1. Scan ALA197, ALA264, ALA215 and give me the residue that is hydrophobic (A, V, I, L, M, F, W, C), part of a loop (DSSP other than H, G, I, E, B) and surrounded by 21 or more Cβ atoms within 10 Å (Cβ to Cβ).
2. Of all residues in the range 218-230, which are assigned to a strand (DSSP E or B) and closer than 15 Å to THR155 by Cα?
3. What is the one condition in (1) in a helix (DSSP H, G or I); (2) charged (D, E, K, R); (3) in contact (Cβ under 8 Å) with a residue 40 or more places away in the chain that LYS206 does not satisfy?
4. Report yes if THR380 is open to solvent by less than 10 Å² (accessible area, probe 1.4 Å), touching a strand residue (DSSP E or B) at 6+ places or on another chain (Cβ under 6 Å) and either in a loop (DSSP other than H, G, I, E, B) or more than 29 Å from GLN159 (Cβ to Cβ) (or both), otherwise no.
5. Would you be able to say whether some residue in the range 296-308 is part of a helix (DSSP H, G or I), among the β-branched types (Val, Ile, Thr), touching a helix residue (DSSP H, G or I) at 6+ places or on another chain (Cβ under 9 Å) and within 13 Å of PHE239 (Cα to Cα)?
6. Among the numbered conditions (1) under 25 Å from the mean Cα position of the chain (by Cα); (2) at pLDDT 95 or above, tell me where SER216 comes up short.
7. Say we look at the range 40-85 and pick out the residues that are in contact with a helix residue (DSSP H, G or I) (Cβ under 9 Å, 6 or more places away or on another chain), in contact (Cβ under 8 Å) with a residue 60 or more places away in the chain and of a type outside the set (A, V, I, L, M, F, W, C); which of these is surrounded by the most Cβ atoms within 10 Å (Cβ to Cβ)?
8. Looking at VAL405, VAL399, VAL381, VAL365, can you tell me which residue is free of Cβ contacts under 8 Å to residues at least 24 places away in the same chain and either under 30 Å from MET299 (Cβ atoms) or among the basic types (Lys, Arg) (or both)?
Amino acid sequence: MKSVFPAIAATFLCVPAALSAPDPASFRDAEIVPAPGEYVVLISEKTAARADWKAAADEFVARYAGTLVRWDGNDADAARDALRRLQPRYVAVVAAPEEIDRVLIASLHRISREMNDDVYGDFLWGVVTGKNGEEAAKQLAKDEPLMLERAIGTTNFDQGRFRRSFFVTDWSPRQFVETENFLSSEKKFAEPGAEMAEMFAARWEKIRPQFVISASHATEFNLEMPFGEGLIFSAGGNFHVAKKSLLPEFAEQLKAPKTLPEFAREKNLATFPKTPDEKIWIAAGNCLFGDMFRTADSMAGTAISAQNVRQLVGYTVPSWFGEIGWGSNDKFFNGHQTTSVGQAWFFATQLLLNGLPENAARIPVPLTATDMSGITFEATVDLLRENGVALTRENVGRVYDRDVVAFYGDPLFRARFSPDALSVPPWDCRVATEGDAQIFAVRGARGNAVKKDFCLWFPRRFDATKTLKIEGAAIVPEPTILTENFVVFRDLELAAGETLTLTVPVKK
């Protein structure tokens, strides 16, 4: 197990003792309310000069008592010094689609780790965008969390979390599974002649999903059904449906994405149904889906503006190793009851960094913005070889994955699973305040022994000059990662009903 980083390696104390904490009635959900100055809104000078985008940035600043930081030029690196001075915990990057590509995403990943000397991320961040400033402002978190009761996907997921759901399986061609009242049906096969992309569109309209997960072939401009059974693509501000027979023609058309609206008109293709419900989209296993490719007509851009997607996780390059994409989904489903999608994506990234040698965690990865690929396996291997990093599958895969998964949306937007769900997150985590400390009670929530990663973003910064006290469990664990902002326990194991308590002194 890799130790915590040296700066605070000795600041925790394990005490296998009885729980000494406030009355459990005083514990509450560990919700995040940033202190004044903890939230920074980044915007380029050229975007701030546009009234609708400046108004969107101002809305975020007002909501969180935040600070507006402008950067000059085309490189967000220009904001690094201001961020180091401000030391934020949350950053919203308000950016027009034409500014957003995989180079920007990688730069933001790198900047987020450079506020101090360790290799881990120092703030939660997300890119806030849309076809215009008014659409971008809609990504601002609401007072109440989005309750997720309906879901759809092109891969399987825990349907016991959703009252109603549908997914096209990636197990067998033309196979699907549906859920009613949290109970899944048997696997079924589409009728002969049925088009899977049309079925997906019809279920989308009927179910009105609030959660979407996808993991089949994709590019910046399309999403295939598993096994190539048709696709949906983005053109002219909408998704469109293309039958399986059109895939060869579409592949040729994709060489010039600007002609896709004409292709949709020429083929008289149906417009994908728009539904008004707010949504979360985790493109866990798709190539390129998270690359805005400097256009609002990308899949990510259309999802945000036309389909009311409030948070989106997706790869900006061809997916291969998949640790952060699938890890984001895992950490959301297998976190505690208040784990947000933004936190899930953040923690998947930190665990990947924890699995890399330190020099591999710091290697700058060159990415190109103008092609539809970005980085190659060969380029990653060359980088590791040049820096003396062992060429293991894990090292190559993690460096490849490290800076290429985008997160769109307000990092403080919250989504929760239905309280009526048959399947629940593995951890229950509550917090109480006692003097200058926050006390977290962590308990297995499934009624039996739980052994999974436990990741916790502190609502207030941990005072690293003091001691993090860990007590209450029969086997008291050592943190895998501990920083001022968060703690991670890898494969934490608690017996049924067992509680682990963390006493976290708050930094003033």
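1. From the options ALA197, ALA264, ALA215, the qualifying one is ALA215.
2. ALA218, LEU223, GLU224, listed by residue number.
3. (3) is the only condition that LYS206 fails.
4. Taking the combined requirement at face value, the residue does not satisfy it.
5. As a first pass, look at the range 296-308 and keep what is part of a helix (DSSP H, G or I): 299-306.
Filter again for among the β-branched types (Val, Ile, Thr), leaving 302, 304.
Keeping just the survivors that are touching a helix residue (DSSP H, G or I) at 6+ places or on another chain (Cβ under 9 Å) gives 304.
Subsequent filtering for residues that are within 13 Å of PHE239 (Cα to Cα) retains 304.
Yes: the range 296-308 contains one or more residues that are part of a helix (DSSP H, G or I), among the β-branched types (Val, Ile, Thr), touching a helix residue (DSSP H, G or I) at 6+ places or on another chain (Cβ under 9 Å) and within 13 Å of PHE239 (Cα to Cα).
6. Answer for SER216: the failing condition is (2).
7. Applying the filter and picking the extreme gives GLU59.
8. Values: VAL405 fails: free of Cβ contacts under 8 Å to residues at least 24 places away in the same chain; VAL399 fails: free of Cβ contacts under 8 Å to residues at least 24 places away in the same chain; VAL365 fails: free of Cβ contacts under 8 Å to residues at least 24 places away in the same chain.
Criteria check complete, one pass: VAL381.
The values are calculated or read from the model by the stated rules, or taken from the named source; none is laboratory data. Owing to the predicted nature of the structure, the values given are computational and were not obtained by experimental measurement. Glycine also receives a Cβ, built like all others from the backbone with ideal geometry; neighbour counts cover every protein chain displayed. Calculation scope for accessible area: heavy atoms of the full protein, side chains included, ligands and nucleic acids excluded. Shrake-Rupley method; radii C 1.70, N 1.55, O 1.52, S 1.80 Å.
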